[in-house]
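What follows is a set of notes on a single structure, which appears directly below.
The values are calculated or read from the model by the stated rules, or taken from the named source; none is laboratory data. Note that the coordinates shown come from a computational prediction; the quantities given were computed from them, not determined experimentally. In this analysis, Cβ positions are derived from the backbone assuming ideal geometry, glycine residues included, and neighbour counts consider all displayed protein chains.
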């Protein structure tokens, strides 16, 4: 059987994979929601959904560094990666062990494509289609609820020391647009480092729960540069996870947008 990943790389499989290693937290959650938890044998230390997954599966490292020998010992049929989460060097090394599927997600259509590809690869087409339809249904409902909302200028912070924000050409930026949030750093690609004293004019500063866990104690650092009433904490998983978490994301966005 031959498949193509989202980088148009060819994957050759002798059979439907029975032993899966996922090196992307959001894709681990997706596999579980597609009914494939029993086939998952390896995950990363950042795979936190479902909450029991790291106790039940072998943790093979992080998203940037993995224990290659341990992965090889698990004898996987396939390894799942992502262009942004994992490194090109890692993918090349892992391809010596098993076929590697690499996802590349910037919008909903590419997320649907990945879910559909998983459905085909793992022979769970019906589950994949059902999930896609659920996300589409929630998205349409969200669009109706937000159509009269005004556009607000925001800066979306993902890291501290150095201060980093989500820029353009990211899934976060795409979801901000869907929420009628204008990202003031959309003209800079990826995740630029900035200085707080040079923060661009915004209606709101959004502090994400991940990858850096922002919470109340960090507000004081913004006080010299922005009115703290403009600071909002947001769930980073809903703004950056592009798998099955999307089925609940739009209800979260609907509730969140009421606060602005």
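Structure summary
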{"quantity": "Yes/no for residue 141 being surrounded by fewer than 17 Cβ atoms within 10 Å (Cβ to Cβ) and either within 15 Å of the chain's Cα centre (by Cα) or assigned by TED's automatic domain parsing to the domain that holds residue 248 (or both)", "calculated": "no"}
{"quantity": "Options 102, 154; residue that is at pLDDT 95 or above, in contact with a helix residue (DSSP H, G or I) (Cβ under 9 Å, 6 or more places away or on another chain), in the same structural domain as residue 247 (by TED's automatic domain parsing) and in a strand (DSSP E or B)", "calculated": "154"}
{"quantity": "Qualifying residues in the range 190-204 (those that are loosely packed, with under 15 Cβ neighbours inside 10 Å and part of a loop (DSSP other than H, G, I, E, B)) - the one modelled with the lowest pLDDT", "calculated": "190"}
{"quantity": "Residue satisfying condition, being in a helix (DSSP H, G or I) and surrounded by fewer than 20 Cβ atoms within 10 Å (Cβ to Cβ), within set 45, 64, 89", "calculated": "89"}
{"quantity": "Search result, residues across the range 170-189 that are more than 23 Å from residue 227 (Cβ to Cβ), in contact (Cβ under 8 Å) with a residue 12 or more places away in the chain and either surrounded by 12 or more Cβ atoms within 10 Å (Cβ to Cβ) or not assigned by TED's automatic domain parsing to the domain that holds residue 249 (or both)", "calculated": "170, 171, 172, 173, 174, 175, 178, 188, 189"}
{"quantity": "Residue 4 surrounded by fewer than 21 Cβ atoms within 10 Å (Cβ to Cβ) and under 21 Å from residue 129 (Cα atoms)", "calculated": "yes"}
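One line per residue, one yes/no per condition, for (1) in a loop (DSSP other than H, G, I, E, B); (2) closer than 24 Å to residue 115 by Cα; (3) under 20 Å from the mean Cα position of the chain (by Cα); (4) without any contact (Cβ under 8 Å) to a residue 40 or more places away in the chain:
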position: 207; (1), (2), (3), (4): no, no, yes, no
position: 212; (1), (2), (3), (4): yes, no, yes, no
position: 218; (1), (2), (3), (4): no, no, no, no
position: 225; (1), (2), (3), (4): yes, no, no, yes
position: 232; (1), (2), (3), (4): no, no, no, yes
position: 239; (1), (2), (3), (4): no, yes, yes, no
position: 242; (1), (2), (3), (4): yes, yes, yes, no
position: 254; (1), (2), (3), (4): no, yes, yes, no
